[in-house]
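J.: Take this structure, written in structure tokens, and hold onto it; I'll ask about it next.
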Amino acid sequence: MTTTEARRLVDKLWSYCHVLRDDGVSTIDYVEQLTLLVFLKMAHEAQSRPPMFREQIMPEGTVWEGRGWPELLNNDGAELEAAYTQLLEDLGAQRKGTTFHLIFNGARNRIHDPAKLKRLVKDLIDKESWSGQKTDIKGDAYEELLSRGAEDIKSGAGQYFTPRPLIQAIIDCVRPTPDDTITDPASGTGGFLLAAAEHILNEYGNRLTPEQRKHLSSGGIWGTELVRNTARLAAMNLFLHGIGQPTGPSLIHDRDALISPPTKRASLVLANPPFGKKSSITVYGDDGSAAREAIAYERRDFWVTTTNKQLNFVQHIASLLEIHGRAAVVVPDNVLFEGGAGETIRRRLLKEYDVHTLLRLPKGIFYAGGVMANVLFFERKPARPEQPWTEKLWVYDFRTAQHFTLKQNPLTRTHLEDFVQCYRPDEDRSKRVETERFKAYTYEELVARDKANLAITWLRDPSLDDADNLPAPEVLAAEIVEDLQVALEEFVAIAENLQQARGESSVEEVAAPTAD
């Protein structure tokens, strides 16, 4: 929970976001600029400490004397804008492979009114001692800023932000340990990685050995994020929470996680991959016209080749796990029932992995609208051709008769407490007990279903039979909007298939991306 001091810090910084929005600076762009400026301020504070406590973050050498935060404070007007723009360019060319390089490489000044930039630097950031703040205050403040940025629907920032109550419930089920190697191949702003690290610190605390602490902060936790600006936010998020070093190797890798087999495996994978259905690139013709071209990843470690991004992430995560490694991955509904490649992947996963738990999520909990999602929990096992590893799949229906919206009735961790109790994190799964919402299905029952369909339901929403049980009007209105968004996506998919069948260029897909 955000502390009072962290909330004060957030309110102070956020107060200026509305002023900059009039200049065309989106909320997520504002958070990015705060990231760059706060990092520069912290680097200056580290350099200003007494010699025995001083930390060198800015590049060394006389050419850098007086540069960084001091040159932002000492310039005004057009000179300030020019100095900031040049500073970002110069810093981005330094120290490749480090957290520092990831944060500054490719960064651009989005605030083109020098007076407003000066106020942000001098009045809002410089007056705070960022290095003097406790890690939880800095970290909580940054998480709150990311959360507010995710609410900006127009910027699409919500696609990179997974609801924190859902992340916390997942963490409470899988219970990361100090000896785990933990990754997220679609890390967004780093919510899963951060929650895993915080769980370890809170659970083990003073019992952590120096080796375990080093493992935690210098490579035992890492992520991959395709979008460079989002990777920048994730790196800063981890750094402000005390994970990673500015001059050390970056724990966030900005690249396409699906492009090649993993070079390093993990004992725990936590992910909410993008919900856009097709993997594609933009191809430009000689006449300047643009078209989207679907791409398939040819990988020997994949069970099937497909252009479906969601199915490819499931295959990638399966491959990413070490033996006895465990995964919790958010997947859209189509991963549970789609035929063709989807059926092949489900049957292989059920046979070769222990697919033990499925959490069916309700609508209205993601910033990206129209998302119908689930959380699939599974473990990798040694090869055993003669016998499938999945014995029972336990399905928790948290969707039927559950109505949430982002504003009027937001999801909280308490709403997921019954699921966590049913999951029984610290007990053998043989001790699980069926409830009204929690049912078990054997391997034989699952593979006998048409296309090994895992979209299993058995509850009925009481509001369908009794008007007195209907949700509040604002909740119904939000659900109608989401249903229309889902319908629009389906129509776009149909249109794409028809155009591709005629050999025409496909229309650009309207995706409902994820929320981490």
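The values are calculated or read from the model by the stated rules, or taken from the named source; none is laboratory data. Just so we're clear, the structure is a prediction, and the values are computed from it rather than from any experiment. All Cβ positions, even for glycine, are placed from backbone atoms using ideal geometry, and neighbour counts span all protein chains on display. Heads up: the accessible areas ignore ligands, DNA and RNA and are worked out on the full protein's heavy atoms, side chains in. Shrake-Rupley method; radii C 1.70, N 1.55, O 1.52, S 1.80 Å.
J.: Would you check if there is a residue in region 361-382 being modelled with pLDDT under 95 and either touching a Cys at 6+ places or on another chain (Cβ under 7 Å) or among the acidic types (Asp, Glu) (or both)?
T.: No, because not a single residue in region 361-382 is modelled with pLDDT under 95 and either touching a Cys at 6+ places or on another chain (Cβ under 7 Å) or among the acidic types (Asp, Glu) (or both).
J.: Also, quick follow-up: What are the residues in region 435-465 that are among the acidic types (Asp, Glu) and closer than 20 Å to Leu361 by Cβ, if any?
T.: Across region 435-465, the qualifying residues are Glu436, Asp461.
J.: Condition first: of a type in the set (D, E, K, R), surrounded by fewer than 24 Cβ atoms within 10 Å (Cβ to Cβ) and within 22 Å of the chain's Cα centre (by Cα). Can you find one or more residues in region 209-219 that meet it?
T.: No.
J.: What number goes with the only condition from (1) among the hydroxyl-bearing types (Ser, Thr, Tyr); (2) outside any loop (DSSP other than H, G, I, E, B); (3) over 17 Å from Val329 (Cα atoms) that Tyr396 does not pass?
T.: (3) is the only condition that Tyr396 fails.
J.: Of the conditions (1) in contact (Cβ under 8 Å) with a residue 60 or more places away in the chain; (2) of a type in the set (A, V, I, L, M, F, W, C); (3) crowded, with 20+ Cβ neighbours inside 10 Å; (4) farther than 20 Å from Phe313 by Cβ, Ala401 fails just one. Which one is it?
T.: (3)
J.: Limited to region 324-352, what total is found for residues that are open to solvent by less than 10 Å² (accessible area, probe 1.4 Å) and either touching a Pro at 6+ places or on another chain (Cβ under 9 Å) or among the small types (Gly, Ala, Ser) (or both)?
T.: 8
J.: Moving on. Quick one: is Leu226 in a helix (DSSP H, G or I) and either in contact with a strand residue (DSSP E or B) (Cβ under 9 Å, 6 or more places away or on another chain) or within 19 Å of Thr99 (Cβ to Cβ) (or both)?
T.: Criteria not met by Leu226.
J.: Before we move on, is Arg360 among the basic types (Lys, Arg) and within 30 Å of Leu406 (Cβ to Cβ)?
T.: yes
J.: Please verify whether region 281-299 includes one or more residues that are modelled with pLDDT of 85 or more and open to solvent by less than 70 Å² (accessible area, probe 1.4 Å).
T.: Yes, the conditions are met somewhere in region 281-299.
J.: In addition: Taking region 62-105 only, how many residues are open to solvent by 40 Å² or more (accessible area, probe 1.4 Å) and among the small types (Gly, Ala, Ser)?
T.: Result for region 62-105: 5.
J.: Within region 351-361, track down each residue that is in contact with a strand residue (DSSP E or B) (Cβ under 9 Å, 6 or more places away or on another chain) and over 11 Å from Ala327 (Cα atoms).
T.: Glu352, Leu358, Leu359, Arg360, Leu361
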